[in-house]
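Working notes, beginning with the structure itself.
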Amino acid sequence: MKIIGIEPKNFKTHVFSAFKLPRLAMPLLGTILKNKGYKVKLFLEEWVPINESIVKEADVVMISTITTTANRAYQLADYYKNKYKKIIIIGGPHASFLPEEALLHADFVIRGEGEKSLLKLIERIEKGSNDFSSIPNLSYKKDGIFYHNPLDKTFVDLDILPIPDFTLVEGYDPKKLKIYPIFTSRGCPYNCIFCAVVPMFGRKYRFRSKELVIEELKTVKKGQHVFFYDDNFAADINRLKVLLEEMIKMNFKGTWSAQVRIDVYKDKELLELMKRSNCTMLYIGFESINPETLKFFKKGITPEQIREGIEIIHKYNIKIHGMFVIGADTDTRESVLATLDFSKRMKIDSVQFLILTPVPGTKLFQEFLKDGRIFTTNWDYYDGHHVVFYPQKMSPFDLQKLAFKLFKGFYSYKSALGYLLKFDLAHATIHFLGTKLTKKGEKERKEFLRTLSKI
């Protein structure tokens, strides 16, 4: 059986447009199927266009989608189903939380983690069976009725998962893969109101063994950069210290970055190990410096901790990518602009100011939908760069304009030149790219802004 896997592209300019990182779901699922003897080819649209002649020969087309790529996923599903009569399977966070919407375009939807359910489904399809009732996490439509099988009560054991085989991806070139993605854990206990990690992967942390992570790290070439995909790489401090010590012992040749909470600044031993194991940047979700907004998001941190954390982390020569979210019910124009002043004053190395987005699967989506505060469900706009709801203390138009103002206030050709004159090529490059993407994004969103002005 020939199986095609597709990760659709978000065609709009967004915060990660300059760094085309694949989500790991499709390479991981493709590797599992390959190891069971199936012929698999994967297409990550961020890398290369889909080769229709290859899709034409496939028996099954799998599509993984997040909310902002959902419309593209549905477009592809409809096209391949109608033109080539392909069996379509859709998975990923968006389809997991809106399976009946996805089933308008697909034959099957796999909700939540798909590693176990997908293999069972493919085996049933191959045998020509029409009985899918025992496959956990599966949704499907039969005789006009939607069926949603119960979710598997046990999450996937991460140690049984293979190392993703990127040679399955069309256009893969190891020499061009400058950023190598690795995950070492799933799950999160914090359950922020704007995040869907917990309903997708559970409230309890699950970890891959140190040995498996080190085995994968050994494949990294000198000069390559590893980005750890974990939602909180420092979820278990003691485990992380052991892993970093192993990386130092093996004389890890690359560099790395990861997402962590600001709390890591409290552990000087951990920061020293991060520095010695070649950590170059930490991606930290500050979300806000407004105390009331931090409470609204249930972050469990204070502005003072954020300030102190930035200062201490910088002392270890580790860069910080600050992630802020604007548009909470507690946000005012003044508090949002204070975020920009803070970011520049604290010399945060790079930032993103994303607009609060009520993504399906989050508490925020449920609350805003119930209260009638969502004015569009065009999923193309659910990328953190478009206002899709009615803010409490400003208009949608004003919030959108503020988002532009923050990015333009932080990134400029002037700031890039300033770093260049100091011979700081790293910061100069970041600010040059940030300026370029900001200008492109603002141009793209002019029509959307005009629409907001009428709301």
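Assess whether Asp424 counts as being surrounded by fewer than 17 Cβ atoms within 10 Å (Cβ to Cβ) and at pLDDT 95 or above. Answer is no for this residue.
Within the range 170-187, the set of residues being modelled with pLDDT of 85 or more and within 19 Å of the chain's Cα centre (by Cα) comprises Ile179, Tyr180, Pro181, Ile182, Phe183, Thr184, Ser185, Arg186, Gly187.
Restricting to the range 342-354, name every residue that is touching a residue at least 24 places away in the same chain (Cβ under 8 Å) and either of a type outside the set (A, V, I, L, M, F, W, C) or outside any strand (DSSP E or B) (or both). Within the range 342-354, Phe342, Ser343, Lys344, Met346, Lys347, Ile348, Asp349, Ser350, Gln352 qualify. Search the range 66-88 for residues that are in the same structural domain as Phe108 (by TED's automatic domain parsing) and pair each with any residue that is of a type in the set (S, T, N, Q) when their beta-carbon atoms are under 6 Å apart and the residues are at least 6 apart or on different chains. That search, which allows pairs on different chains as well, returns Thr68/Asn10; Thr69/Asn10; Ala73/Thr65.
Phe365 passes every criterion in (1) out of contact with any Phe, Trp or Tyr (no Cβ under 6 Å at 6 or more places or on another chain); (2) within 27 Å of Tyr411 (Cα to Cα); (3) outside any loop (DSSP other than H, G, I, E, B) apart from (2). Among the candidates Thr357, Thr330, Thr339, the residue that is assigned by TED's automatic domain parsing to the domain that holds Leu406, in a loop (DSSP other than H, G, I, E, B) and under 24 Å from the mean Cα position of the chain (by Cα) is uniquely Thr357. Among the residues of the range 355-399, those that are touching a Ser or Thr at 6+ places or on another chain (Cβ under 6 Å) and free of Cβ contacts under 8 Å to residues at least 60 places away in the same chain comprise Val388, Phe397. Would you check which residues across the range 376-413 are among the hydrophobic types (A, V, I, L, M, F, W, C) and more than 24 Å from the chain's Cα centre (by Cα) and list them? Met394, Phe397, listed by residue number.
Residue count for the range 273-292 satisfying the condition of being assigned to a helix (DSSP H, G or I) and out of contact with any helix residue (DSSP H, G or I) (no Cβ under 7 Å at 6 or more places or on another chain): 2.
Look through Leu425, Leu420 and report the one residue that is without any contact (Cβ under 8 Å) to a residue 12 or more places away in the chain, closer than 25 Å to Thr280 by Cβ, in contact with a helix residue (DSSP H, G or I) (Cβ under 7 Å, 6 or more places away or on another chain) and not assigned by TED's automatic domain parsing to the domain that holds Phe296. Checking each option against the conditions leaves just Leu420. Within the range 162-176, being crowded, with 17+ Cβ neighbours inside 10 Å and either hydrophobic (A, V, I, L, M, F, W, C) or assigned by TED's automatic domain parsing to the domain that holds Glu46 (or both) holds for Phe166, Leu168, Val169. Could you say whether any residue in the range 142-155 is of a type in the set (Val, Ile, Thr) and surrounded by 15 or more Cβ atoms within 10 Å (Cβ to Cβ)? Scanning the range 142-155, I find no residue that is of a type in the set (Val, Ile, Thr) and surrounded by 15 or more Cβ atoms within 10 Å (Cβ to Cβ), so the answer is no.
Does Thr280 meet the test of being within 22 Å of Ile182 (Cβ to Cβ), of a type in the set (Ser, Thr, Tyr) and either modelled with pLDDT of 95 or more or crowded, with 19+ Cβ neighbours inside 10 Å (or both)? Answer is yes for this residue. Gly112: outside the structural domain of Asp383 (by TED's automatic domain parsing), on the phi > 0 side of the Ramachandran plot and free of Cβ contacts under 8 Å to residues at least 60 places away in the same chain, yes or no? Considered against the rule, which asks whether it is outside the structural domain of Asp383 (by TED's automatic domain parsing), on the phi > 0 side of the Ramachandran plot and free of Cβ contacts under 8 Å to residues at least 60 places away in the same chain, Gly112 comes out as no. If Leu121 passes every condition in (1) under 30 Å from Asn82 (Cα atoms); (2) assigned by TED's automatic domain parsing to the domain that holds Phe286; (3) not polar (S, T, N, Q) but one, which one does it miss? All conditions pass for Leu121, except number (2).
The values are calculated or read from the model by the stated rules, or taken from the named source; none is laboratory data. As the structure is a prediction and not an experimental result, all values here were calculated from the model. For neighbour counting, all protein chains shown are included, and Cβ atoms are generated from backbone atoms with ideal geometry for every residue, glycine included.
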